[in-house]
Amino acid sequence: MNNFIEQNIYVTAVPGPSSLISSLQLSGIGSDKFVFFGFLPKSQNSINKIAKNISDLNLTSVLFVSGKKILDFLKALASNSPKKNIAICKELSKINENVYRGQVNLLIDQILCNEISLKGEFTLVIQKKDTKEKIIDEKIRKQAKKILEKFTLTEAVEIVHKLSDNSKKDIYEMLLKLKND
């Protein structure tokens, strides 16, 4: 299926009782394990919490979103995971069926440029957290800043690397930013 998607060949699914399974099939996102969140809640606070939770999940996430809330949700998701791959599945099994795939920020830009109409029914499929990607957390940043005050940049990189699972390259970039701030 992904080969067809990569070659921009139109693919559709046979409609079933729910757009959930069709969305997973058409998304091009791994679906060996997934969690279904149902409909997105109304309050912005709840939307932000769900976006944060989804960013940290090691499962593909699926949820139903209205056209009125999709941009708010995508912005909340982008604040946590701007490069996360998603699929916006629109009007599945209908004449205006379409699937938009890409990183969150790219799809937000397409919506803002009116390349994606927000009329209709939407199902979002969100890629699971990349476990290969090591994120330098705030606790390590604070400790690294203290280490940087006492050691050279090269020495600080070595020390922080031994204290964390992060790559030397990521640590170096983080320490360079801290040093220049």
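Read-outs: derived from the displayed coordinates by stated rules, not from any lab. Treat the numbers as computed from the prediction; the structure is a model and nothing was measured. Cβ placement follows ideal geometry from the backbone for every residue including glycine, while neighbour counts extend to all protein chains displayed.
Among Tyr100, Asn3, Leu148, which residue has its Cα positioned farthest towards the positive end of the charge dipole of the chain, with +1 placed on the Cβ of Lys and Arg, -1 on the Cβ of Asp and Glu, and the dipole taken about the Cα centre?
Leu148
Mean projection of the alpha-carbon convex hull of the chain over all orientations, in nm²?
The number I arrive at for the chain is 12.7 nm².
Does anyone have the angle between helix 44-56 and the longest principal axis of the chain? Alpha-carbon axes, 0 to 90°, nearest 10?
Relative to the chain, helix 44-56 is tipped by roughly 70 degrees.
Tell me, what HN-Hα J-couplings in whole Hz come from the Karplus equation 6.51 cos²θ - 1.76 cosθ + 1.60 at θ = phi - 60° for each residue of segment 68-74, using x for Gly and Pro?
Whole-Hz 3J(HN,Hα) from phi for segment 68-74: 6, 10, 4, 5, 4, 5, 5.
Subtracting the Cα-Cα distance from 0.36 nm times the residue separation, let me have the gained length for Lys139 to Thr154 in nm, one decimal.
3.4 nm
What size of dipole, in debye to the nearest 20, comes out for segment 138-180 about its Cα centre when the only charges are +1 on Lys and Arg C-beta atoms and -1 on Asp and Glu C-beta atoms?
Dipole size: approximately 160 debye.
What is the dipole size for segment 73-181, taken about its Cα centre, with +1 at each Lys and Arg Cβ and -1 at each Asp and Glu Cβ, in debye to the nearest 20?
About 320 debye.
Quick one: dipole size for segment 2-126, taken about the Cα centre, charges +1 on Lys/Arg Cβ and -1 on Asp/Glu Cβ, in debye to the nearest 20.
The calculation lands at about 400 debye.
Over segment 1-78, what is the mean sequence separation of C-alpha contacts under 8 Å (at least six apart), divided by residue count, expressed as relative contact order in percent?
Values: 66 pairs, mean separation 22.1, N = 78.
RCO, segment 1-78: 28 percent.
From Cα pairs below 8 angstrom and at least 6 apart in sequence, can you work out the relative contact order of the chain, rounded to a whole percent? Mind showing how you got there, number by number?
Working: 258 pairs, mean separation 37.1, N = 181.
Reported as a whole number, the value is 20 percent.
Return the Rg/Rh ratio of segment 55-117 with Cα-based radii and a Kirkwood Rh.
0.95
Show log10 I(q)/I(0) for segment 138-180 at q = 0.21, 0.22, 0.32, 0.33 Å⁻¹, two decimals, from a solvent-free Debye sum over equal Cα scatterers.
These q points yield log10 I(q)/I(0) values of -0.52, -0.58, -1.34, -1.43.
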